[in-house]
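Asks: Got a structure for you, written out below as structure tokens; questions coming shortly.
The values are calculated or read from the model by the stated rules, or taken from the named source; none is laboratory data. It should be emphasised that the depicted structure is a prediction, and the values quoted were computed from it without experimental measurement. Positions of Cβ are generated from backbone atoms using ideal geometry, with glycine treated the same way; all protein chains shown enter the neighbour counts.
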Amino acid sequence: MQESTAERIFSFSVLTILDILKERYDLDSPIRNKLSSYYLERALMLSLEEEKTIKDLKKEVEFPSHQIYNKLRKLEDEGKIEVDREYKLNKYKTK
């Protein structure tokens, strides 16, 4: 299922608002983690149309490296991406 630009922007906007609420008022919504995970997956899938390393991805998506790595492992396990481990830094790409 391909997501429209409006849906991507809406998801990101909601996540930004939830992050601000957490930072300023210490209000944490249960949906924040799910939405964050969803947004990270969508961002990675779009970014990985071209082969990239975690270092490359870190520059493009504003998430900690460990979260990017964990999501990449999940996407690999689900067969959504492929990993080239022949180099010093693994290279990731959508199938």
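Asks: Could you grab me the full set of residues in the stretch 23-45 that are in a helix (DSSP H, G or I), modelled with pLDDT under 90, surrounded by fewer than 15 Cβ atoms within 10 Å (Cβ to Cβ) and of a type in the set (D, E, K, R)?
Replies: K34, the sole residue that qualifies.
Asks: Does E62 qualify as being within 25 Å of S13 (Cβ to Cβ), assigned to a loop (DSSP other than H, G, I, E, B) and either of a type in the set (G, A, S) or touching a residue at least 40 places away in the same chain (Cβ under 8 Å) (or both)?
Replies: Details: within 25 Å of S13 (Cβ to Cβ): yes; assigned to a loop (DSSP other than H, G, I, E, B): yes; either of a type in the set (G, A, S) or touching a residue at least 40 places away in the same chain (Cβ under 8 Å) (or both): no.
No.
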